[in-house]
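Read through the structure below, which is laid out as structure tokens, and then see the notes.
The values are calculated or read from the model by the stated rules, or taken from the named source; none is laboratory data. Note that the structure is predicted; figures quoted are calculated from it, not measured. Counting neighbours? That spans all protein chains shown, and the Cβs are built from the backbone with ideal geometry, glycine included. Note: areas computed on protein heavy atoms with side chains; ligands, DNA, RNA excluded. Shrake-Rupley method; radii C 1.70, N 1.55, O 1.52, S 1.80 Å.
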Amino acid sequence: MLTDLFKDAFRAHPAGVAVITAAGGSGPVGLTASSVSSVSADPAILVFSLASASGSAGVVASAETIVVHLLGARNAGLAGLFARPGSDRFTSSLAWEQLPTGEPLLREVPRALRSRVLGRTAVGSSVLVTAEVLEVLTPGAPDEPLVYHNRTYHRLGEHSTL
């Protein structure tokens, strides 16, 4: 019962949406996350959690470097694609490239943070990953932030200012 109440509480708490990518042994992998948060500005460190350590999440959890793509409102389709288990993600129709350092970069996002994983900590049924930002990339056009609230994607912009 506490688990359901906990989930309900966080459904009412909006969160930014990101896609986290890594180079895997069988090719690029990626997943959607709404748990990305900044931890420190100097040095630049972020944190996110993964619900499991299998599949794409397992590859991301064990990677030495990752790219955290901070999504804009125009990227809602990307968020959905990378949230669906088993979806064919890195096809020729997806605008992406492999960075010289090996990680996949989604080219149509407003900001991307190439990062080095500092640590992994098992917390309950999840894995908490901390990473140092090595580079801030701006591959796509600026956009209003994409947020996730009550199981739905929303745009956040001037219209939402109080």
ask   = When you go through (1) out of contact with any helix residue (DSSP H, G or I) (no Cβ under 6 Å at 6 or more places or on another chain); (2) in contact (Cβ under 8 Å) with a residue 40 or more places away in the chain; (3) closer than 16 Å to residue 19 by Cβ; (4) part of a loop (DSSP other than H, G, I, E, B) one by one for residue 85, which number turns out not to apply?
value = (2)
ask   = Taking residue 110, is it within 18 Å of residue 145 (Cβ to Cβ) and without any contact (Cβ under 8 Å) to a residue 60 or more places away in the chain?
value = yes
key: the stretch 124-152, residues that are within 17 Å of residue 108 (Cβ to Cβ) and open to solvent by 70 Å² or more (accessible area, probe 1.4 Å)   = 136, 138, 142
key: Those residues of the stretch 103-121 which are open to solvent by less than 90 Å² (accessible area, probe 1.4 Å) and either farther than 17 Å from residue 18 by Cβ or charged (D, E, K, R) (or both), in sequence order   = 103, 114, 118, 119, 121
request  = With respect to residue 155, determine if the residue is touching a strand residue (DSSP E or B) at 6+ places or on another chain (Cβ under 7 Å) and buried (at least 16 other Cβ atoms within 10 Å of the Cβ).
outcome  = no
request  = Name, by its number, the condition in (1) within 24 Å of residue 122 (Cα to Cα); (2) open to solvent by 40 Å² or more (accessible area, probe 1.4 Å); (3) modelled with pLDDT of 95 or more that does not hold for residue 54.
outcome  = (3)
ask   = Does residue 47 meet the test of being assigned to a strand (DSSP E or B), farther than 20 Å from residue 153 by Cα and among the hydrophobic types (A, V, I, L, M, F, W, C)?
value = yes
task = Please work out which residue is nearest to residue 114 (Cα to Cα), limiting yourself to the stretch 17-28 and to residues that are at pLDDT below 95 and open to solvent by less than 70 Å² (accessible area, probe 1.4 Å).
result = 24
task = May I ask you to verify whether residue 148 is closer than 21 Å to residue 15 by Cβ, in contact with a Pro (Cβ under 7 Å, 6 or more places away or on another chain) and either without any contact (Cβ under 8 Å) to a residue 40 or more places away in the chain or not small (Gly, Ala, Ser) (or both)?
result = yes
query = Given the conditions (1) at positive phi; (2) not in a loop (DSSP other than H, G, I, E, B), which single one is not true for residue 112?
reply = (1)
